[in-house]
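Below is one structure; the comments refer to it alone.
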Amino acid sequence: MDKSSSQRLPPLKRNWWLKHRFFKLYMLREATVLPLVFFTLCLLAGMVALLQGAESWQGWIAFMGSPIVLVLNLLALAASLFHAATFFVLFPRVMPLRIAGHSLPDKAIVAGQWAGVVAVALLFFWLFGRA
Amino acid sequence: MNTQQISTKQISVKRYLPDNSAESYWQQYELPVDDSTSLLDALNHIKEQLDSTLSYRWSCRMAICGSCGVMVNGIPKLGCKTFLRDYEGEIRIEPLSHFPVQRDLVVDMEIFLEHLAAVKPYLIDDNPVKPYDPQAPETYKQSPEQLARYKQFANCINCGLCYSACPQFGLNPEFLGPAALTLAHRYNLDSRDNGKKERMAELNRHEGVWSCTFVGFCSKVCPKHVDPAAAVNQGKVEAAKHTLIALFKG
Amino acid sequence: MEKLAMNKPSMGKNSTQHKQAFDEPLWWGLFSAGGVCFAVFLPAVILFIAVLLPLGLLPAEALSYERASSLLFSVPGFLFVGAVVCLPLFHAAHRLRHGMFDISVGNDSINKKLMYGGAALLSIVALGLVVAGFLG
């Protein structure tokens, strides 16, 4: 069979995703990685500062407190939660879990993942929250 | 609710008559509707009463033949399963997106059929346990549990709505697309089938499962609730396993 | 029948049409693992390190220079960087690569090398910093 026998349309224009709410939400989901990359670069800078000594470590904390950096990282926090909300519901669809022949309800898998988020937050509170 | 209540509604249809003009244009029709009027009923009314030049595909009127797919206000829908009572105000009808238009609402689905054929969507069993004996034919046995593994993905009616919903297919028509990849997964999951290896060669290509970015709109528009996005992404897990095994076997 | 092909694939493309994508499972695996880390670990990490710490809402010793160093430059610190920096970087690289294809920016085979290459480079730097602090 000649694969190229059928007619092809030219590819979509780059603004295709602006035409529907569903596609805008998709693009928002994909864009959550932008503030993530910003936070990761901040973290890398912090690791360099920590290696350099106590003074640059304090300097890095001050840098993290500057308004623009703080706002961008708050955006990263919101992005991580939005990413979590969109990512957790995909998991049971990509890897349906079966126990003894019965598939686990999607809601249980999603709830389990949110429990993981809370558990990590509690671990951080235990590590850093107490004097 | 009184289904006999008759009112009139206006719908706009994107016309394309290549014999007359290379340009498409919008045409308005005003027609009587009640609560039971489907979009397909409306198109039939136009064809029979108002304008016999309108072209569109249809057959079964009950969401099983998959012929009457069109865009309704930019969203792919089956005409027979769409009711005008659910639309306030403007109703814009266009041919399915991402397919070349032949005439009015009729699109050329050849490329979808090519992608479908490429994944061999039928039972393949080259090494049956027993050779086929026409005197004593044996049926394949399948337990309800084995059926349950693929049943949801077997409900596809090849209507092509998922292709119109998929931006990755719109961006690259070589992408095998939601329905073909779902049918491939459906046969891969079937206990009677032995063709997984052949299909994997198609799935594990850049234009196979790996062009999907889980936009998920295909599953939203599917009139049979097949969830093609889930099938395609389960196909990624299978393709990854297949690659790992190939790597170790050399 | 004559058909008008507006965007016929070239003959060269036809010959590569059955090329197996041996690398894609790796990128997708790293993307998925990174996605889990981004969703499960990052909310707490960002909240504590990038919000509460600079606002002075953590106890003074919680992330003092000494405590932060001993926590990071250790085996658990190495694993922390893997889960909070490296895997999410590959997750981001994958989404950026596909996002660029979505909005028709650049060429996918080049974007692919740039994105995954960048993620790999930054990952090596991050893990190298932990090892340097551990040894130093």
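The values are calculated or read from the model by the stated rules, or taken from the named source; none is laboratory data. All values derive from a computational prediction rather than experimental measurement. Neighbour counts are summed over all protein chains in view; Cβ atoms, including those assigned to glycine, are modelled from backbone coordinates with ideal geometry.
Things worth noting here:
- Against the numbered list (1) within 15 Å of C:PHE48 (Cα to Cα); (2) in a helix (DSSP H, G or I); (3) at the interface with chain C (Cβ under 9 Å from one of its Cβ atoms); (4) of a type outside the set (Phe, Trp, Tyr), A:ARG130 comes up short only at (2).
Let's see how each residue does on (1) at pLDDT below 95; (2) under 22 Å from B:ALA165 (Cα atoms):
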residue: B:SER7; (1), (2): yes, no
residue: B:LYS14; (1), (2): no, yes
residue: B:ASP41; (1), (2): no, no
residue: B:ILE46; (1), (2): no, no
residue: B:TYR56; (1), (2): no, yes
residue: B:CYS68; (1), (2): no, yes
residue: B:GLN102; (1), (2): no, yes
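- Tally of residues being crowded, with 18+ Cβ neighbours inside 10 Å and either within 13 Å of chain C (Cβ to nearest Cβ) or without any contact (Cβ under 8 Å) to a residue 24 or more places away in the chain (or both) across the stretch B:220-250: 11
- So B:ILE91, is it farther than 18 Å from B:VAL221 by Cβ, touching a helix residue (DSSP H, G or I) at 6+ places or on another chain (Cβ under 8 Å) and of a type in the set (A, V, I, L, M): no
- Any chance C:SER74 is more than 25 Å from A:ILE68 (Cβ to Cβ), more than 7 Å from every other protein chain (Cβ to nearest Cβ) and of a type in the set (Ser, Thr, Tyr): yes
- Of all residues in the stretch B:100-114 being among the aliphatic types (A, V, I, L, M) and assigned to a loop (DSSP other than H, G, I, E, B), the one that is farthest from B:GLY170 (Cα to Cα): B:LEU105
- Here B:CYS65 passes the criteria (1) surrounded by 15 or more Cβ atoms within 10 Å (Cβ to Cβ); (2) free of Cβ contacts under 8 Å to residues at least 24 places away in the same chain; (3) assigned to a loop (DSSP other than H, G, I, E, B) except the one numbered (2).
- Scanning the stretch B:6-26 for residues that are polar (S, T, N, Q), surrounded by 11 or more Cβ atoms within 10 Å (Cβ to Cβ) and either part of a strand (DSSP E or B) or over 25 Å from the mean Cα position of the chain (by Cα) (or both) yields B:SER7, B:GLN10, B:SER12.
- Residue in the stretch B:32-40 that is within 22 Å of the chain's Cα centre (by Cα), assigned to a helix (DSSP H, G or I) and not polar (S, T, N, Q) present: yes
- From A:MET64, A:MET47, A:MET27, residue being in contact with a Cys (Cβ under 8 Å, 6 or more places away or on another chain) and either at pLDDT 95 or above or more than 23 Å from C:PHE78 (Cα to Cα) (or both): A:MET64
- Considering the stretch A:6-39, the residues that are crowded, with 16+ Cβ neighbours inside 10 Å and of a type in the set (Lys, Arg) include one that is nearest to A:ALA79 (Cα to Cα), namely A:ARG29.
- Taking every residue in the stretch C:117-136 that is within 7 Å of chain A (Cβ to nearest Cβ) and surrounded by fewer than 15 Cβ atoms within 10 Å (Cβ to Cβ) and pairing it with any residue that is modelled with pLDDT of 95 or more and not in a helix (DSSP H, G or I), at least 6 positions away or on another chain, the pairs with Cβ-Cβ distances below 9 Å are C:ALA132/C:PHE73.
- Candidate set from the stretch A:40-78 (those that are facing chain C (nearest Cβ under 9 Å) and within 11 Å of the chain's Cα centre (by Cα)); member that is surrounded by the most Cβ atoms within 10 Å (Cβ to Cβ): A:ALA76
- Note on the stretch A:88-109: residues that are part of a helix (DSSP H, G or I) and either within 7 Å of another protein chain (Cβ to nearest Cβ) or buried (at least 17 other Cβ atoms within 10 Å of the Cβ) (or both) amount to 7.
- B:ALA148 vs. criteria buried (at least 22 other Cβ atoms within 10 Å of the Cβ), within 29 Å of B:ILE245 (Cα to Cα) and either away from every other protein chain (no Cβ under 14 Å) or at pLDDT below 95 (or both): no
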